[in-house]
1. If you roll a 1.4 angstrom probe over the protein chains with everything in place, what fraction of the accessible area of the range A:224-283 belongs to carbon and sulfur, to the nearest %?
2. Considering every residue in A:74-81, what mean count of other chain Cβ atoms within 10 Å of its Cβ is obtained?
3. Which residue, chosen from B:Ala408, B:Ile334, B:Leu34, occupies the Cα position most advanced towards the positive end of the dipole of chain B, where the dipole is computed from +1 (Lys, Arg) and -1 (Asp, Glu) charges on Cβ about the Cα centre?
4. Extension gain A:Gln249-A:Gln214, at 0.36 nm per residue separation less the Cα-Cα distance, in nm?
5. Do any of A:Lys168/A:Lys223; A:Lys127/A:Lys151; A:Lys11/A:Lys139; A:Lys101/B:Lys217; A:Lys11/A:Lys86 go past 26 Å between their Cα atoms, and which?
6. Mean separation of Cα pairs under 8 Å and 6+ residues apart, divided by the residue count of the range A:2-220: what relative contact order is that in percent?
7. Quick one: go through the range A:261-297 and flag any residue whose amide nitrogen is under 18 Å from the point 7 Å out along the Cα-to-Cβ line of A:Glu232.
8. Could you check what % of the DSSP bridge pairs in the protein assembly as shown are antiparallel, to the nearest 5?
Amino acid sequence: MSILEVKDVVKKYQNHIAVDHVSFDMARGSILGFLGPNGAGKTSLIRIITTITQADSGAVFFDGEPLNLSHPERIGYLPEERGLYKKMKVGEQLTYLARLKGLKPDEAKREIGNWLESFGISDWWNKKIEELSKGMQQKVQFVSTVVHRPKLIILDEPFSGLDPINTKLIKSQIRMLNDEGTSVIFSTHRMEQVEEICEHIILINNGKSILNGQVARIKELYKDHIFRFKYEGDIDPYLLDQVEVREKQNGTIVVHVPTTGEANTLMKAMMDRGVVIKHFEEMLPTLNDIFIKKVTEKDG
Amino acid sequence: MDKLWLIIRREYLVRVKKKSFILTTLLAPLAIALLMVVVGLIFSYQGDESKEIVIIDQGNMLEKRLKDEHNFYFRFSDRTLEELIDNRSQESFDGILVIPPLRDIVSKKHTIFYYSDTNLDLDGSDAIQRLIRDKIRDFKIREMNLDSEQLDNLNTQVTLDPEPLVRDDSDEETAGDNPSPFTSVIAAGLGGLMGFAMYMIVFINGMMVMRSVMEEKMNRVVEVMISSVRPFYLMMGKIIGVGAVGLTQIIIWAILIPLIASGANLIFGFDTQQVMLDEASAEIHPDDLEMMAAQVMTELKAINWWLIVPCFIIFFFGGYIVYASLFAGIGSAIGDDLAESQALTLPLTIPVILALYIMFAALRVPNSSMAVWASIFPFFSPIVMPARLAFGPPAWQIILSIVLLIAAAIFCVWISGRIYRTGILMYGKKGTFKEIWKWMISKQ
């Protein structure tokens, strides 16, 4: 069952098409990555899902129902452009935002208490936001996104401006929420972060979804038959004439072969000639490589 | 609706709890009271320098009698001017007033001379001229053998009492509406006060709404907010919350200002208004003054408060909503640079200021066609109509004005909501008027 279904959604602004016939399905409890350069249309798509704006055409279903104004209460959204009321105290601020998400006062207090405790910041309740450092504010901001136990959380560039320690902390919280069944949309232009966290991705460029699927399968699909060997001994130059050598230094060689089978043939021939193979792996493309390939492919 | 209430509550509490709010709300009446006391003191200040003046009455017109007044102490001397000047060291005085005899009993102009090292101030020379004029008048009456009582009877005090053409005798209520000579003065005072209060409310609170919208946008908290509530609720919550803050302030002031003013009067032992009135009407007889005060009281009682107070409240809400919503819309279109706000707020500040000037004009001629139409036009009416209310404008004008104001309030909220929902998500640069127009007409 899908937590989110997006069908042929189009959103036009005055001068350009921000979302151009995008469709995808998101399984409940999964982590989905929205990938694309700045200005690709990720935020426009998110704003449609969070009901901040409406699609010009197409349909969105949340948890099986056509998207409506009650759904934001079940969605937690951490926008890229985020902030808090500087003059408010942490406790007040979180209570206010939680109550706007439909929590009762006592529920809100309990949940906020739990979250502050899990971040080890229970004593912040009476601190004003403006007294906190940027990293501390980000923690409060994250709590405000998840305090109402949403079914779907949407994080737009969640790690921007975070130091490595806080990044790790937030990542572990995202994993924990996901383990508990929360679906997560993770939007970023930083491809390497997506590879680490997401099972599925949607690659967006110029408002269009140009690639959509499981990360492992996409990599499989876009792999280029590049293999890396680590070895001891001398390789007969004759063998290397048969393949395209991409890199060769200090007992490591990277080659490009037409098929996976030929890599095996090469390895066997090397071993037959007395070369000791210490390590052999297929080098899968990074999402960054795939993205560049897809974009240039299209433009070409 | 729950969420709207939450937003109103926050917007209200956040402001009311601020130290600056508490200080201005409590200190402003004190400052006003202080100002009133100071103004009263300034007006009642008559100079602390007393002057001893020797009078040489060459025609003996004053019969050696002149009451000391205005810090002047008079005494008469039979010596000549030269003798007095020569013996200055023996006799102490500040000046010599020489009153030559009248050339002719019917002469209408007479010059008297004042010899001194220091010049008289304006008030002092006026006072002496007045005193001597009255004395010469008495002298002439005696010389001409006139009856002073008969003469007094020649003076007739004329008052213009406005009366309606058609009097409805059947209705006793309206008998009280009978305008008296003081009606227009009191109506102007009351109207000016209400119009000006409205101007302040609209301006200060409208600006407050705008700043609050801008702050939310610049803080980037706005996107977090509108992922939970409709932008329209956020805007309305803000408008209502800030409006409630303004209302709270007015109510506190309405209670505190009279309290402090009367407290100050008790402490300082004088009525500042009375002092001002005294000064303004030096020639009015004390009995007249009492009569005037009584008249003012009856006038104030006769004013149709049952009409004015509810109307004022309606115009307060209507005017506030019209301008506050437009200020909110404009605030949403302003980018990250506060300095840019000027260009966008100008189209709003101009009508407010214009309305204030029309209001002042309307106080003088409350039924001029400009005053009438401005008090009906919804962008001016919240300021101009309250000023006219005390003059008893025709019912149709009030009703038309209210209907148009309500329509305008709904329209402005609607149009601002459309600007707001797009504007708040436009980060960075400010919107141009062309863009704002597009936001208004575009569908979401």
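The values are calculated or read from the model by the stated rules, or taken from the named source; none is laboratory data. If you're wondering where the values come from, they're calculated on a predicted model, not measured in any experiment. Glycine also receives a Cβ, built like all others from the backbone with ideal geometry; neighbour counts cover every protein chain displayed. With ligands, DNA and RNA removed, areas are computed over all heavy atoms of the protein, side chains included. Shrake-Rupley method; radii C 1.70, N 1.55, O 1.52, S 1.80 Å.
1. Working: 1730 of 3720 Å².
That share works out to 46 percent.
2. Numbers: counts 0, 2, 2, 5, 3, 8, 3, 9.
Mean inter-chain Cβ contacts per residue within 10 Å come to 4.
3. B:Ile334
4. Numbers: separation 35, 0.36 × 35 = 12.60 nm, distance 3.40 nm.
Gain in length upon complete extension: 9.2 nm.
5. Details: A:Lys168/A:Lys223 30 Å; A:Lys127/A:Lys151 29 Å; A:Lys11/A:Lys139 32 Å; A:Lys101/B:Lys217 20 Å; A:Lys11/A:Lys86 33 Å.
Check vs 26 Å cut-off fails for A:Lys168/A:Lys223; A:Lys127/A:Lys151; A:Lys11/A:Lys139; A:Lys11/A:Lys86.
6. On the way: 404 pairs, mean separation 68.4, N = 219.
RCO, the range A:2-220: 31 percent.
7. A:270-280
8. On the way: 42 of 70 bridges.
Taking every DSSP beta bridge with both residues in the protein assembly as shown, the antiparallel ones total about 60 percent.
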